[in-house]
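The next block holds one structure in the form of structure tokens; read it before the comments.
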Amino acid sequence: MSMMQTNTAKRWVDWAIIAVMALLAIGMLLPFLWLIATSFRSVSEAYKLPPSFFPNNLDFVNYAKVLASRVPFLQIYYNSLLVALVVTIGQLVTCTLAAFAFARLNFRGRDWLFIAFLVGLMFPAQVTILPIYLGYAKLGLLNQPIGLALMYLTSSFGVFLMRQFMLSQPKALEEAALMDGAGYFKIFWRISLPQLRPALSALGIITFTQTWNYYFQAKVLLGKNEAMTLPIAMDVLRGYMAAGNLSVVMAAMSMAVLPVILLFLIAQKFVIEGITMSGIKN
């Protein structure tokens, strides 16, 4: 086979891969497009059979109904932002410091302690929620959004992700700094941390997205309307046996999912780079 034929075959393969990926991308985007389209429909149009993909007109009345509903939507939006930001910042700090200790410091029982951290990934939230609930009841942290954030100021996954990324970094600069008399905190702040920007971005986006979607934990700890977060508000708007206004629920969901979509679109390359680098080991 000639070189020209080989190049032509490669181009056809590339175009086939691009076509398949485009179809998969369209399939993944369709639910979001349907969500947004339904948020502009009237109730009768939302249940119309056969359904039409595009609404008859762009009516923002459903968004107005969300803001005027029985749930304080703006306060709930603020609660979700508060919890997500506090958890994200907390995990960026605690997981990075813990990962530096596991990756760069030598102390007795280090590997066994790290294994214990990884074992924590095996236990779902349902296993630990009862003692947390009883403790929060004594401390007066029930129905407090900040209480939900305090549960997740660190995570085993975050420590694992940052540690794996640190293990891929060369040690030459850190060893040279040690020989010059620099302390571990200075080495962490001046040498290790600047190299962690892709991993920090990945951990931040993953943590923010995961925290934004917490349902079970918020359902148990946050009962009052003024204290709940967006996933619980969606449940309230949906109503008993899904008897609520579907178009209004879709409008609320459209507003709720917007920050996560924007965050991912802005920094998706850091997520991919960070997760890829976490699998590289020296």
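To the nearest 0.05, what FRET efficiency results for ASN213 and LEU97 with a Förster distance of 30 Å applied to their C-beta separation? Don't jump to the answer; show the numbers that get you there.
Values: r = 26 Å, r/R0 = 0.87.
It comes to 0.70.
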Check your understanding: By how many nm would the segment from PHE53 to LYS186 lengthen if fully extended, with 0.36 nm per residue of separation less the alpha-carbon distance?
Key -> 42.1 nm
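Mean residue ellipticity at 222 nm from the helices of the chain, using -39,500 (n - 2.57) per DSSP H segment of n ≥ 4 over the full residue count, to the nearest 500 deg cm²/dmol?
It lands at -23000 deg cm²/dmol.
Please list 174-187, 20-33, 92-105, 245-258 highest first by mean number of surrounding beta-carbon atoms within 10 Å per residue. Intermediate results must be reported in sequence, preceding the final value.
On the way: 174-187: 12.9, 20-33: 10.2, 92-105: 19.0, 245-258: 21.0.
Packing order, densest peptide first, comes out as 245-258, 92-105, 174-187, 20-33.
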Check your understanding: Along the charge dipole of the chain, Cβ charges K/R +1 and D/E -1, which of ALA172, VAL220, ASN62 sits furthest on the positive end?
Key -> ALA172
Review point. So which of LYS48/LYS269; LYS138/LYS219; LYS171/LYS269; LYS48/LYS224 end up more than 28 Å apart, counting from Cα to Cα?
Key: LYS48/LYS269; LYS48/LYS224
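Using the Cα centre of the chain as the reference point, and only Cβ charges (+1 on K/R, -1 on D/E), how large is the resulting charge dipole? Debye, rounded to the nearest 20.
On the way: 20 positive and 10 negative charges, 47 e Å.
In total the dipole reaches around 220 debye.
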Practice item. Please report the orientation-averaged projected area of region 2-55, defined via the convex hull of its C-alpha atoms, in nm². Key: 4.8 nm²
Practice item. Hey, can you find the accessible area per residue of region 64-280 for me, probe 1.4 Å, expressed in square angstrom? Key: 53 Å²
Point to revise | Cα pair distances of the chain binned at 10 Å [whole percent] | key: 6, 20, 25, 22, 16, 8, 2, 0
Exercise for review: Set the Förster radius R0 to 51 Å, insert the Cβ-Cβ distance between LYS10 and ALA137 as r into 1/(1 + (r/R0)^6), and round the FRET efficiency to 0.05.
Suggested key: 0.20
Review point. For region 76-112 and region 152-169, what is the separation of their C-alpha centers, rounded to whole Å?
Key: 8 Å
Review point. Rounded to a whole number of µm²/s, how large is the Stokes-Einstein D of region 1-138 at 4 °C and 1.567 mPa s, given Rh as the Kirkwood radius over C-alpha pairs?
Key: 58 µm²/s
Practice item. Calculate, in nm to one decimal, what GLN75 and VAL127 gain on full extension: separation in residues at 0.36 nm each, minus their alpha carbon distance. Key: 15.7 nm
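Tell me, what % of the accessible area of the chain is carbon and sulfur with a 1.4 angstrom probe?
In the chain, the share of accessible area belonging to carbon and sulfur is 71 percent.
The values are calculated or read from the model by the stated rules, or taken from the named source; none is laboratory data. From a predicted model like this one, the values you see are computed outputs, not experimental measurements. Note that we place each Cβ from the backbone using ideal geometry, even for glycine, and neighbour counts take in every protein chain shown. Areas reflect the complete protein model, heavy atoms only, side chains present, ligands, DNA and RNA absent. Shrake-Rupley method; radii C 1.70, N 1.55, O 1.52, S 1.80 Å.
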